[in-house]
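Worksheet: the structure to be examined is printed underneath.
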Amino acid sequence: MARRKILFVTTDQQRYDTLGCNGGTLARTPVVDGLAARGIRYERAHPQSVVCMPSRATMLTGQYPATHGVWMNGVPLPLDSPSVAEVLRLEGYRTALVGKAHFEPFLDPFLRFAENAQSRLGTAPPGGSHRGFEYMELAGHGSLGPLHYAQWLAKEHPEAVAGYYRVLDSSLQVNAAGGGDTGAPQVTVNPIDRSLYHTDWVADRTIGWLDTLDPEDDWFCWMSFPDPHHPWDPPESEVNRIDWREVPLPPSYPDATAERERIIDGKPRHWRLWYDGTLVSNYEAPPAWVPATMTSEQVREVNARNAVECELIDEALGRVIRRIAERGWADDVDIVFTSDHGELQGDFGLLFKGPYHVDALMRLPLIWRPAPSSGTASSVVTRPVELIDLAPTFCDIAGIDSPAWVQGERLPINDADAEMRGFERAFTEWDSELFGVGVHLRTVIRDGMICTTYLPGTVHDGTEGELYSNADDLTQCVNRWDDPSWKAQRDELVGELRDHQPPPRQPRLRLEAPV
């Protein structure tokens with residue numbers, strides 16, 4: 001296959017159903033919808049972890065978390081870990097990462113960049129790179145810290161710094177403070193000018209890097225938007241795009257408290273413990289917030305703010321695509337759009353993410369628009385694929401063989417291709433040990449079923465589990481794990497998990513830093 005240029009676009013914590021092409025009705029996403037119409041849309045794309053760092057390390061390495069070793073946020077990817085960006089760079093590709101990286105602990109990246117001769121301004125000396133990226137400009141969710149966006153904002157627009165919500169409070173815990181009209185956690189009014197918000201900044205910086213390239217350069221650019229991950233703080237000028245009072249409640253959020261609690265009580269015990277505020281098994285949600293106190297109005301406002309952020313991302317991506325066309329590259333660029341994991345967004349009366357392997361967190365948007373010059377026909381793939389398949393796909397686009405350390409396969413271009421090459425199942429894992437609580441999940445998705453086992457820990461004894469059938473329970477409200485009539489299917493899927501999960505990395509990597 002001939003070499004082509006690659007624009008890899010990721011968002012953070014975006015659900016499958018936030019895109020119009022995936023049936024979403026709240027956010028307007030014509031740019032991504034257009035890519036789907038002209039490319040390949042995947043109906044069942046799954047991450048290998050539903051938390052940022054393990055999932056992003058999988059994107060970079062093409063390996064399962066058990067192999068690359070990043071088993072939870074705060075566990076650093078070893079410096080000698082493989083990188084598909086480095087593979088492409090050594091093949092002559094120009095490489096850049098603009099936006100949110102987060103395959104490093106939040107407090108650590110610049111120390112690691114320095115070890116690799118990476119400058120604070122984002123450009124590397126001749127021959128220098130970090131993780132295979134010769135150029136990096138990084139952004140997070142706010143205006144504080146060492147990353148490029150925060151430093152730029154503080155220097156060039158100090159008046160805009162104070163309007164950002166602090167994701168972490170003064171004790172470095174996830175902030176529980178409420179805001180907006182309903183007092184929902186991690187919601188705020190952000191008075192920042194839209195042109196200074198990190199979404200447009202990521203697009204601006206991406207365009208700036210592309211404009212430094214020669215027309216004949218091969219390039220791989222990872223453009224990574226921090227949104228729609230909380231805090232839900234789009235620019236104040238954009239909030240009125242969607243009136244939260246008119247937003248429907250999610251199908252997995254029964255308005256009746258008794259019905260929500262009945263559904264949660266049918267799941268393993270940590271669901272109810274978190275809902276009641278008894279247990280927080282990860283630092284992905286505010287430990288001081290009790291989900292049971294959330295109101296339907298708060299769910300509506302969070303969904304509205306989230307949708308506004310999705311619209312801003314879509315528009316920013318459109319600007320980058322237009323610049324690519326202006327540079328004369330439109331026929332030769334593959335565009336891949338996805339997210340690292342989803343967001344509960346009110347489902348089951350919960351927000352944020354955690355050790356909960358349901359579609360809200362595990363079913364991702366994934367669009368691959370092959371370069372028009374490739375002649376690849378548009379299609380919809382219904383068989384399960386994984387984010388582990390991204391790295392070998394990038395290699396295939398570049399016309400090179402995948403390295404031996406890659407554990408995924410090139411994404412299928414249609415269902416016939418998927419069937420021929422054996423795309424039948426996807427695996428997701430979760431490990432967390434925080435606040436003295438250990439939770440460990442292993443999940444397989446196959447034949448329209450989702451089966452999750454729990455390893456023994458401080459909350460589970462190893463006998464609990466979850467089994468859902470998407471054929472008649474798309475919202476995953478009916479747990480069939482203990483249903484005798486589903487025992488045969490359950491046992492077969494548990495066998496799949498036993499036979500196909502890679503062994504854990506030894507020795508286990510150490511938790512070093514907060515998010």
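The phi torsions of region 177-182, fed into the Karplus equation with coefficients 6.51, -1.76 and 1.60 and a -60° offset, translate into couplings of 4, x, x, x, 8, 10 Hz, rounded to whole numbers, with Gly and Pro shown as x. Put +1 on the Cβ of every Lys and Arg and -1 on every Asp and Glu Cβ in the chain; which of 316, 399, 413 then has its Cα farthest towards the positive end of the dipole? With unit charges placed on the Cβ atoms, the residue in question is 399.
Proximity of backbone amide H atoms, modeled 1.01 Å from N, is registered between residue 366 and 42 at under 5 Å, excluding neighbours fewer than 5 places apart on the same chain. Positive end of the dipole of region 1-110 (Cβ unit charges, origin at the Cα centre): among 16, 102, 59, the Cα lying farthest that way belongs to 16. The alpha-carbon atoms of region 398-515, seen along their principal axes, cover 47, 44, 26 angstrom, with the largest extent given first.
Computed over the chain, the per-residue total of -39500 (n - 2.57) for DSSP H runs of n ≥ 4 gives a 222 nm mean residue ellipticity of -8000 deg cm²/dmol, rounded to 500. Taking amide hydrogens as placed 1.01 Å from N in the peptide plane, the amide H of residue 458 sits under 5 Å from those of 438, each at least 5 positions away in sequence or on another chain. State whether region 219-307 is rounded, prolate or oblate according to the following rule on the C-alpha gyration tensor (a ≥ b ≥ c being the square roots of its eigenvalues): a/c under 1.5 gives rounded; otherwise a/b larger than b/c gives prolate, and the remaining case gives oblate. It is oblate, given that a/c is not under 1.5 and a/b is not larger than b/c. Sequence-ordered 3J(HN,Hα) estimates for region 344-352 from the Karplus curve with 6.51, -1.76 and 1.60 and θ = phi - 60° stand at 5, 6, x, 4, 6, x, 10, 10, 6 Hz, glycine and proline given as x.
Mind putting a number on the dipole of the chain about its Cα centre? Charges go on the C-beta only, +1 for Lys and Arg and -1 for Asp and Glu, and I need it in Debye to the nearest 20. Spell out each step's value before the answer.
Values: 48 positive and 75 negative charges, 98 e Å.
Once rounded to the nearest 20, the dipole reads 480 debye.
Heavy-atom accessible surface of the chain, averaged per residue, reaches 35 Å², computed with a 1.4 Å probe.
Do you know the relative contact order of the chain, to the nearest whole percent, from alpha carbon pairs under 8 angstrom that are 6+ apart?
Working: 1146 pairs, mean separation 131.5, N = 515.
26 percent.
So if the hydrodynamic radius of the chain is defined as the Kirkwood radius over C-alpha pairs, what does Stokes-Einstein give as its diffusion coefficient at 25 °C and 0.890 mPa s, in µm² per second?
Calculated translational D: 107 µm²/s.
Charging the Cβ of each Asp and Glu at -1 and of each Lys and Arg at +1, and nothing else, the dipole of region 263-350 about its Cα centre rounds to 260 debye.
Rolling a 1.4 Å probe over the protein chains gives residue 373 an accessible area of about 70 Å².
For region 132-266, the spread of Cα coordinates along the three principal axes comes to 61, 35, 32 Å, biggest extent given first.
Sequence-distant contacts, meaning Cα pairs under 8 Å at least 6 residues apart, place the relative contact order of region 1-103 at 17 percent. Across region 300-389, the convex hull enclosing all Cα atoms gives 123 Å³ per residue.
Summarised as an ellipsoid, region 159-206 has semi-axes of 23, 14, 10 Å, derived from the eigenvalues of the Cα gyration tensor scaled by 5 and square-rooted, with the largest first. Across region 457-469, computed HN-Hα scalar couplings (Karplus, 6.51 cos²θ - 1.76 cosθ + 1.60, θ = phi - 60°) run x, 6, 10, 10, 9, x, 9, 7, x, 9, 9, 10, 10 Hz from first to last residue, x flagging Gly and Pro. Would you be so kind as to identify which of 76, 196, 179 lies farthest towards the positive end of the dipole of the chain, taking Lys and Arg as +1 and Asp and Glu as -1 on Cβ and the Cα centre as origin? Most positive-ward Cα: 76.
Under 5 Å from the amide H of residue 413 lie the amide H atoms of 418, each residue being 5 or more positions distant or on a separate chain, with H modelled from the backbone and absent for Pro and chain starts.
Once Rh is set to the Kirkwood radius over Cα pairs, what Stokes-Einstein translational diffusion coefficient, in µm²/s, holds for region 294-347 at a temperature of 25 °C and a viscosity of 0.890 mPa s?
Values: Rh = 13.7 Å.
The Stokes-Einstein estimate is 179 µm²/s.
DSSP bridge analysis restricted to the chain gives an antiparallel fraction near 50%, rounded to the nearest 5.
The values are calculated or read from the model by the stated rules, or taken from the named source; none is laboratory data. Keep in mind that what you see is a predicted model, and the values were worked out from it rather than measured. Glycine gets a Cβ as well: all are built from the backbone with ideal geometry, and neighbour counts include every protein chain shown. Surface accessibility is based on the protein's heavy atoms, side chains included, excluding ligands, DNA and RNA. Shrake-Rupley method; radii C 1.70, N 1.55, O 1.52, S 1.80 Å.
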